[in-house]
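The values are calculated or read from the model by the stated rules, or taken from the named source; none is laboratory data. The structure presented is a predicted model; accordingly, all values stated were derived computationally and were not measured. Note that we place each Cβ from the backbone using ideal geometry, even for glycine, and neighbour counts take in every protein chain shown.
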Amino acid sequence: MIKTNYKDLEQLVEMINQHRKWMLESANIYGMGSEKTLKISQELDELILVYQKANTDQSKTNGVGEKKLPVSSA
């Protein structure tokens, strides 16, 4: 299970981008359907859900629209 108490959204975005990188590397080495790749993919899904929830909660409290998740150029 992914921890859900991040200092800020930037730290969460870094974790998301790192998991994306790990997932792609794992898929290249072990294949898209491997247990290892699927585990990383599930962790990435959890991180993205945490980001979406945090971003939605933040927009409700400060009236600012949702921000798009930055994508790393890895």
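Of the residues 43, 25, 35, which single one is surrounded by 15 or more Cβ atoms within 10 Å (Cβ to Cβ) and at pLDDT 95 or above?
From the options 43, 25, 35, the qualifying one is 43.
Among 13, 71, which is surrounded by 10 or more Cβ atoms within 10 Å (Cβ to Cβ), at pLDDT 90 or above, of a type outside the set (Lys, Arg) and within 12 Å of the chain's Cα centre (by Cα)?
13
Among (1) out of contact with any helix residue (DSSP H, G or I) (no Cβ under 8 Å at 6 or more places or on another chain); (2) at pLDDT below 95, there is one condition residue 2 misses while meeting the rest; what is its number?
(1)
Take residue 30 and decide whether it is among the aromatic types (Phe, Trp, Tyr) and either out of contact with any helix residue (DSSP H, G or I) (no Cβ under 8 Å at 6 or more places or on another chain) or free of Cβ contacts under 8 Å to residues at least 24 places away in the same chain (or both).
yes
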